[in-house]
Amino acid sequence: QVQVVESGGGLVQPGGSLRLSCAASGIIFRLYAMGWYRQAPGKQRELVADITSGGSTGYADSVKGRFTISRDNAKNTVYLQMNNLKPEDTAVYYCNAKYTSSVTLRQNSYWGQGTQVTVSS
């Protein structure tokens, strides 16, 4: 059974920091690309940052220079370090694990339940 579990959300003041964690089980974690998405009320879910199985990273323009994604394959965990948080970063943050077979192109994708991040004074 595959499980993807986020943690680390909470309430933080503008300019503060949080570190989100996402632990995955039931998959060969090192083969999966991992991504952090967020969804604010009334808005579509958007990609925040992702990291490939090889460790290459990508970021949304809105978080570049403030957020850092990293992974620890030994712990089956991906992290999102969020610094200099702004009120517009308020959202539910979701973790996604995705694997695409290079042979069949079949894709496996798993989501966590989300963790709330609220940036407010």
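Computed quantities for the displayed model
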item: At R0 = 25 Å, FRET efficiency that the Cβ-Cβ distance of Arg66 and Gln44 yields, to 0.05; result: 0.75
item: Given charges at beta-carbon only (K, R positive; D, E negative), |dipole| of the chain in Debye; result: 160 debye
item: Reachable lysines from Lys86, criterion Cα separation under 16 angstrom, eight or more residues apart if same chain; result: Lys64
item: Protection proxy ranking of 10-23, 55-68 - average other beta-carbon atoms within 10 Å, highest first; result: 10-23, 55-68
item: Pairwise FRET efficiency - Ile28 versus Thr118, Cβ, R0 = 41 Å, nearest 0.05; result: 0.75
item: Order by protection proxy (mean Cβ within 10 Å, highest first), peptides 25-31, 87-93; result: 87-93, 25-31
item: Size-normalised alpha-carbon gyration radius of the stretch 5-50, reference 2.2 N^0.38 Å; result: 1.39
item: Fraction in percent of alpha-carbon pairs per bin - 10 Å, the stretch 57-109; result: 18, 42, 30, 10, 1
item: For the chain, convex hull of alpha carbons as volume per residue, Å³; result: 104 Å³
item: Rounded percent of accessible protein surface that carbon and sulfur make up, the chain, 1.4 Å probe; result: 46 percent
item: Surface accessible to a 1.4 Å probe, Lys75 within the full protein complex, Å²; result: 130 Å²
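The values are calculated or read from the model by the stated rules, or taken from the named source; none is laboratory data. Please read all numbers here as calculations on a predicted model, not as lab measurements. As a convention, Cβ positions derive from the backbone with ideal geometry for all residues, glycine included, and neighbour counts pool all protein chains shown. Only protein heavy atoms, including side chains, enter the accessible area calculation; ligands, DNA and RNA are left aside. Shrake-Rupley method; radii C 1.70, N 1.55, O 1.52, S 1.80 Å.
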